[in-house]
Amino acid sequence: MAIDPKLLEDLKKRRETAANAGGKEKLAKRKDKGQMSARERLLYFFEDGTFQEFGMHAQHTCHRFGLADKSLPYDGVVCGTGYVNGRPVAAFSQDFTVGGGAVGRIHAKKICDLMEYAHEAGIPVVGVNDSGGARIQEGVDSLSGYGQVFFKNVYLSGVVPQIAVIAGPCAGGAAYSPALTDFIIMTATNANMFICGPDVIKAATGEVASLEQFASAAAHASVSGNIHLIAEDDKHAMELASELLSYLPNNNISDPPHDLDVDIDLGKDTGMNELVPASPKEPLDALEVINRLVDNGDFFEIQPDFAKSIIVGFARICGVVVGIIANQPKVKAGTLDIDSSDKGARFIRTCNIYNIPIVNLVDVPGFMPGLAQERGGIIRHGAKMLFSYAAATVPKITLIMRKAYGGAYLAMCSADMGADLVYAWPTAEIAVMGGEGAVKVLFRNQIKGADDPVAKTKELVAEYQGEFASPYQAASNAMITDVIEPSETRATIALALRKTLSKRDTRPPKKHGNIPL
């Protein structure tokens, strides 16, 4: 006997209802604003034909406030799995056209069930946030749902990569789920993220502030540092998520997607020599160094608009996936301040979780001086860098390009802080402080008694600079593996990476260290 045609027709209608949930009018309005539907985002993200939906027919009907007849197809969130670049990924996308994408008990359960599946399967999770917030009519059940999602975010943290996409409103407690993930991508328009809106801020503090000042992608990317990447629109956001995943393993016990079939480039790059300014006072552009160091100049920068005195991001060096951390002398002379310390420490820990080797490019004059920095806790924030490097067990390769002074020399992963291999250019200066500062301290009486103190200072700097800061002094004390020409950088680091991929580092058993948060 064949299956009853009525059953097949019923299934077809239910799928059509899900495909057009929210109604054609709402979907058309979103399209006019340049937004994709919740389902379109996932279908665009996954490879054709690989999307398998979880919970299409799940929904909660509220029996309060006369709302028993309100139908919410798939409870306002599309969940499922598919393939991205040939690898399995779990993803959900909230649907603002269905009840404002508000979170209720079943909505949250679907997300949690998907995350639990991802945990068991050992695959990444990508979540698209586009929700009006808690479903008021469900009361405490809605708050409970948020709590369960937050718990799962933390449960999966450090186990599988989690990427959040903010493609619409994400307000109040809802903002904490993205904040608990590894990376946040936010669309430049049609999206906002905040705890308290303008009206609440005004009522509570009297301050008048627009959403553009604190809730927009631009504000989060450059001021608060809450997000990692800005997307032009929904499509671009999903493309960025896909590209980001191309550098990450499926989980914390897998290797990153290295391509070890790539030949190691042992040739010299004379163009690297030409990047080094003739004067030590002229800033070196770290981005130019990175572009010559990595394969095809492809560098996937993370948080490019925040704390610009430090650069972090992913790349490949002769096929090996690496996380790169570099001081940027063109911004604040490359000093480490509160924000750059936080940015660097977070990235180090992310690389360590996912077994990604770290390459450090050092040109740092020290920590940022100033009353605001001291009162803001630069000691605590700077200690995060020290803690993160010392705790990281992945391969760590450090290149000292020019300045490496004081505590910042240690905070950029010196040999004493756990670097496996440390290289230096002949232009490197490694010291407690710069030559001029050291001379003024050590020879203050001679300088004070000189007819021309300025000329005397220059004379002493010229005479003793090599003793204060020469890379060969550090090398003679076995603090540097080798001094190399800039032109040898790519070949040297490529070889070093291949040889340290088998690194093993066993630490004392403990729950976790107590990082200075």
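Here are some pairs, LYS343/LYS458; LYS13/LYS33; LYS308/LYS456; LYS24/LYS235; which of them have Cα atoms lying more than 30 Å apart in this structure?
From LYS343/LYS458; LYS13/LYS33; LYS308/LYS456; LYS24/LYS235, over 30 Å: LYS343/LYS458; LYS308/LYS456.
Between the range 347-387 and the range 175-232, the C-alpha centres lie 24 angstrom from each other. Quarter the surface of the alpha carbon convex hull of the range 183-259 and you get the mean projected area, 6.7 square nanometres.
Here the residues ARG504, ARG135, ARG346, ranked from fewest to most Cβ neighbours within 10 Å of their Cβ, fall in the order ARG504, ARG346, ARG135. Dividing the summed -39500 (n - 2.57) terms of all DSSP H runs of n ≥ 4 by the residue count of the chain sets its mean residue ellipticity at 222 nm at -11000 deg cm²/dmol.
Once the mean of 1/r is taken over each pair of separate Cα atoms and inverted, the range 227-281 shows a Kirkwood hydrodynamic radius of 15.6 Å.
For LYS31, the aspartates and glutamates whose Cα comes closer than 13 Å to its Cα, not counting residues fewer than 8 places off in the same chain, are GLU40, ASP233, ASP234. Computed from Cα atoms, the angle from the helix 140-156 axis to the main principal axis of the chain rounds to 40 degrees.
Fewest-first ordering of MET56, MET193 by other beta carbons within 10 Å of each residue's beta carbon gives MET56, MET193. Listed from fewest to most Cβ neighbours within 10 Å, the set MET272, MET401 follows the order MET272, MET401. Here the Kirkwood formula puts the hydrodynamic radius of the chain at 25.3 Å, using every distinct Cα pair.
Residue-normalised convex hull volume from the C-alpha trace of the range 11-245: 131 Å³ per residue. Of the GluC sites (Glu not before Pro) in the range 203-285, which ones lie in a loop per DSSP and count no more than 16 other C-beta atoms within 10 Å? Listed in order of number, the matching sites are GLU207, GLU232.
Each reported figure results from applying straightforward, stated rules to the coordinates on display, with no laboratory input. Remember, predicted model here, so these are calculated numbers, not experimental data. Glycine also receives a Cβ, built like all others from the backbone with ideal geometry; neighbour counts cover every protein chain displayed.
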